[in-house]
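Scroll down for the structure; my scribbles are underneath it.
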Amino acid sequence: GDLDKVVNLLLSLSGRLARVESTLGSLGPHAATENKVALREKQRLLVAQLEDAKELKEHVGRREELVGAMVARYLPAEHLQDYQHFIKMKSALITEQRELEEKIKLGQEQLRCLHESL
């Protein structure tokens, strides 16, 4: 459960940071200074939160290794391999699901814009 939460947190923060950086990059030279300052502050906070989330992921990873070692003492080899595969795939599938959700949102937004332009 913690792995799910940490991966979702990392993906969420990364996505938010990418959007802020994209917005910052698209601001023209005539954009209000207040907007730029607010976006840079948001960017700074998101970078700090992302670093904290990475540390949290490392902590969860260390705990996962301890749990894996404990589980290894009680499971036969084939079940242990299944367990290890499950843990690896779970994180990858969460990431893939999040990316697909983002692509769906982007597609829906593009579709909405197309309908409005017609």
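So here's what we get for this one:
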{"read-out": "Residue in the stretch 29-39 that is under 14 Å from the mean Cα position of the chain (by Cα) and not acidic (D, E) present", "value": "no"}
{"read-out": "Selection count, the stretch 69-105, where residues are exposed (fewer than 10 other Cβ atoms within 10 Å of the Cβ) and not in a helix (DSSP H, G or I)", "value": "1"}
{"read-out": "The stretch 42-95 - residue that is within 15 Å of N8 (Cα to Cα) and acidic (D, E) and, of those, modelled with the lowest pLDDT", "value": "E58"}
{"read-out": "Hits in the stretch 3-22 (condition: within 12 Å of Q49 (Cβ to Cβ) and either open to solvent by 40 Å² or more (accessible area, probe 1.4 Å) or of a type in the set (G, A, S) (or both))", "value": "L9, S12, S14, R16"}
{"read-out": "Qualifying positions in the stretch 23-68 - within 30 Å of Q84 (Cα to Cα) and open to solvent by 80 Å² or more (accessible area, probe 1.4 Å)", "value": "Q49, E51, D52, K54, E55, K57, E58, H59, R62, R63, E65, L66"}
{"read-out": "From Q49, Q43, Q84, residue being in the same structural domain as E96 (by the TED database) and either under 23 Å from E99 (Cβ atoms) or not hydrophobic (A, V, I, L, M, F, W, C) (or both)", "value": "Q84"}
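The values are calculated or read from the model by the stated rules, or taken from the named source; none is laboratory data. This one's a predicted model, so the numbers in the text were calculated from it and none came from an experiment. Don't worry about glycine lacking a Cβ; one is built from the backbone with ideal geometry, like all the others, and counts go over all protein chains shown. These accessible areas exclude ligands, DNA and RNA; they are computed on the full protein's heavy atoms, side chains included. Shrake-Rupley method; radii C 1.70, N 1.55, O 1.52, S 1.80 Å.
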